[in-house]
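Structure incoming, see below.
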Amino acid sequence: QKEVEQNSGPLSVPEGAIASLNCTYSDRGSQSFFWYRQYSGKSPELIMSIYSNGDKEDGRFTAQLNKASQYVSLLIRDSQPSDSATYLCAVGYNTNAGKSTFGDGTTLTVKP
Amino acid sequence: SQTIHQWPATLVQPVGSPLSLECTVEGTSNPNLYWYRQAAGRGLQLLFYSVGIGQISSEVPQNLSASRPQDRQFILSSKKLLLSDSGFYLCAFPGMGYEQFFGPGTRLTVL
């Protein structure tokens, strides 16, 4: 079993719809949870971080964390063609090393 | 502000040739630094991390090595490249919330 698993994708939604991306992790000791967006040929960029159970909203993005279920999700409201990218889920530990473990990513296409 | 540089941006190398990729960071002192590799269509695999000059931790056995000769410099090397070393190599440093900030990456193709 992979340490961080994401929807295999690809995921396609029409413009203006809600895109839902899901991620599960295996290590119950994980303390920090991140969503990165990666455009084709580019390096990943952080879009959301979440550290406690519940929802965290930032503009059109909402991250949800459920530590009991070991589940993290990202909702993108009013999806735009510019949201078309691969979304990487990562989990980490708040230690000196500060390492993160990444999922394989879910590719999202938003169709105009 | 903190910035991270990597070079070269792209590299095509024959099997068996040596490799040296460089990463430098500006705007911070004594940062943790990380080398990741991303195979085509896959997520990021942590290869090495460093918490200070001369301190290297290896995450996976492979034919690569890393060095940190200066506070803000992190180098990834190989003596003899394999086909399986092809990929997108990313250097990163952590933010205050343990998130990762990535450099622009080096795309390596081994032929």
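The values are calculated or read from the model by the stated rules, or taken from the named source; none is laboratory data. Note that the structure is predicted; figures quoted are calculated from it, not measured. Virtual Cβ from ideal backbone geometry, glycine too; neighbours counted across all protein chains shown. In case anyone asks, the SASA skips ligands and DNA or RNA and just uses the protein heavy atoms, side chains included. Shrake-Rupley method; radii C 1.70, N 1.55, O 1.52, S 1.80 Å.
Looking at region B:15-38, can you tell me whether even one residue there is within 14 Å of chain A (Cβ to nearest Cβ) and over 25 Å from B:GLN55 (Cα atoms)?
Checked region B:15-38: no residue is within 14 Å of chain A (Cβ to nearest Cβ) and over 25 Å from B:GLN55 (Cα atoms).
State all residues of region B:76-96 that are within 10 Å of chain A (Cβ to nearest Cβ) and among the small types (Gly, Ala, Ser); if no residue qualifies, say none.
Listed by number, the residues that qualify are B:ALA92, B:GLY95.
Here is a further query. Out of (1) of a type in the set (D, E, K, R); (2) free of Cβ contacts under 8 Å to residues at least 12 places away in the same chain; (3) open to solvent by less than 30 Å² (accessible area, probe 1.4 Å), what's the single condition that is false for B:ARG42?
Result: B:ARG42 passes all but (3).
Please go through region B:70-111 and give me each residue that is over 15 Å from the mean Cα position of the chain (by Cα) and within 23 Å of A:VAL91 (Cα to Cα), ordered by number.
Across region B:70-111, the qualifying residues are B:GLY95, B:MET96, B:GLY97, B:TYR98, B:GLU99.
Could you list, in sequence order, all residues of region B:65-96 that are part of a loop (DSSP other than H, G, I, E, B) and over 28 Å from B:GLY27 (Cα atoms)? So that I can check it myself, show each step before the final result.
Restricting attention to region B:65-96, the residues satisfying the condition of being part of a loop (DSSP other than H, G, I, E, B) are B:71-72, B:79-82, B:86, B:95-96.
Within region B:65-96, B:LYS79, B:LYS80, B:LEU81, B:LEU82, B:SER86 qualify.
Can you tell me which residue within region B:45-75, out of those that are more than 20 Å from A:THR101 (Cα to Cα) and within 11 Å of another protein chain (Cβ to nearest Cβ), is surrounded by the fewest Cβ atoms within 10 Å (Cβ to Cβ)?
B:GLN55
If you check B:SER17 against the conditions, is it open to solvent by less than 40 Å² (accessible area, probe 1.4 Å), in a strand (DSSP E or B) and in contact (Cβ under 8 Å) with a residue 24 or more places away in the chain? Before the answer, list the steps.
On the way: open to solvent by less than 40 Å² (accessible area, probe 1.4 Å): yes; in a strand (DSSP E or B): no; in contact (Cβ under 8 Å) with a residue 24 or more places away in the chain: yes.
No; evaluated as a whole, the condition is false for this residue.
Filter region B:97-111 down to residues that are assigned to a strand (DSSP E or B) and within 14 Å of chain A (Cβ to nearest Cβ) and give me whichever is surrounded by the fewest Cβ atoms within 10 Å (Cβ to Cβ).
B:THR109
Scan (1) of a type in the set (A, V, I, L, M, F, W, C); (2) in a strand (DSSP E or B); (3) in contact with a Leu (Cβ under 7 Å, 6 or more places away or on another chain); (4) farther than 30 Å from A:THR106 by Cα for the single condition B:VAL51 breaks and write down its number.
With respect to (1) of a type in the set (A, V, I, L, M, F, W, C); (2) in a strand (DSSP E or B); (3) in contact with a Leu (Cβ under 7 Å, 6 or more places away or on another chain); (4) farther than 30 Å from A:THR106 by Cα, B:VAL51 is out only on (3).
Regarding region A:69-76, can at least one residue be identified that is without any contact (Cβ under 8 Å) to a residue 12 or more places away in the chain and under 14 Å from the mean Cα position of the chain (by Cα)?
no
Only residues that are surrounded by 12 or more Cβ atoms within 10 Å (Cβ to Cβ) and among the aliphatic types (A, V, I, L, M): list them for region B:1-11, please.
Once the filter is applied, which keeps residues that are surrounded by 12 or more Cβ atoms within 10 Å (Cβ to Cβ) and among the aliphatic types (A, V, I, L, M), region B:1-11 yields B:ILE4, B:LEU11.
Here's a follow-up. Looking at (1) over 12 Å from the mean Cα position of the chain (by Cα); (2) away from chain B (no Cβ under 12 Å); (3) open to solvent by 50 Å² or more (accessible area, probe 1.4 Å), which one does A:ASN7 not meet, given that it meets all the others?
It is condition (1) that A:ASN7 fails.
Could I ask something else about it? If you go through region A:10-26, how many residues are out of contact with any helix residue (DSSP H, G or I) (no Cβ under 9 Å at 6 or more places or on another chain), in a loop (DSSP other than H, G, I, E, B) and either open to solvent by 60 Å² or more (accessible area, probe 1.4 Å) or over 15 Å from A:VAL72 (Cβ atoms) (or both)?
Matching residues across region A:10-26 total 4.
Could I ask something else about it? Which count do you get for residues in region A:73-90 that are open to solvent by less than 10 Å² (accessible area, probe 1.4 Å) and either modelled with pLDDT under 95 or farther than 12 Å from A:TYR36 by Cβ (or both)?
Qualifying residue count, region A:73-90: 4.
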